[in-house]
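This report concerns only the one structure given below.
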Amino acid sequence: MSDPNDRVTPFMSEAQRLRELAQAEGSGLAPLCLCISNTGECLPVTRDQAIVGRHSHADIRLPLPDVSRRHCRLVCSEGKWHIHDLDSLNGVYVNGIRVKQMELTHRDVISIGAYSLEVDMRSHSPTVLLPFPARKSRTFPEAA
């Protein structure tokens, strides 16, 4: 059995993840999910600030030794997400470039230690599909 302290957190079902994202978007927060490249697991960010790191109290926990306890902070300000390196030992890379602070865009790849996280900024609000209205049948005059 694997140690629960070795899990990337927060762990949640797909339905719970979508529900939390929709609630966050409903409150005006810009959508943000971090998708772990090798597992496909997506981690929603549902508050305007989140700490990413190895520490058990990090909002998003990445439990590898090359990740600092408080590695970086994600901040949403004026509808835009930014990443801030918190003086981590191994740094924060966005699209292969080491950064101290940077605005994130959809499909950016954040590297933190051995983790590669793809930024997903698509809206995750539920879509309601309405049925097409019934068409009125037309009658055409008979050809003479």
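Odds and ends about this structure:
- Asp87 accessible area, 1.4 Å probe, all protein chains in place, Å² to nearest 10: 130 Å²
- The stretch between Ser123 and Ile97 holds 6.7 nm of extra length on full extension. This uses 0.36 nm per residue minus the Cα-Cα distance.
- In terms of accessible area, using a 1.4 Å probe and ignoring ligands and nucleic acids, Ile97, Ile36 rank largest first as Ile97, Ile36.
- Other-chain or far-sequence residues with amide H under 5 Å of Met102's (modelled H): Ile83
- Over all other residues within a Cβ to Cβ distance under 12 Å of His57, the charged ones net out to +3, with Lys and Arg as +1 and Asp and Glu as -1.
The values are calculated or read from the model by the stated rules, or taken from the named source; none is laboratory data. As the structure is a prediction and not an experimental result, all values here were calculated from the model. No Cβ is skipped: glycine too gets one built from the backbone with ideal geometry, and neighbour counts run over all protein chains shown. Areas reflect the complete protein model, heavy atoms only, side chains present, ligands, DNA and RNA absent. Shrake-Rupley method; radii C 1.70, N 1.55, O 1.52, S 1.80 Å.
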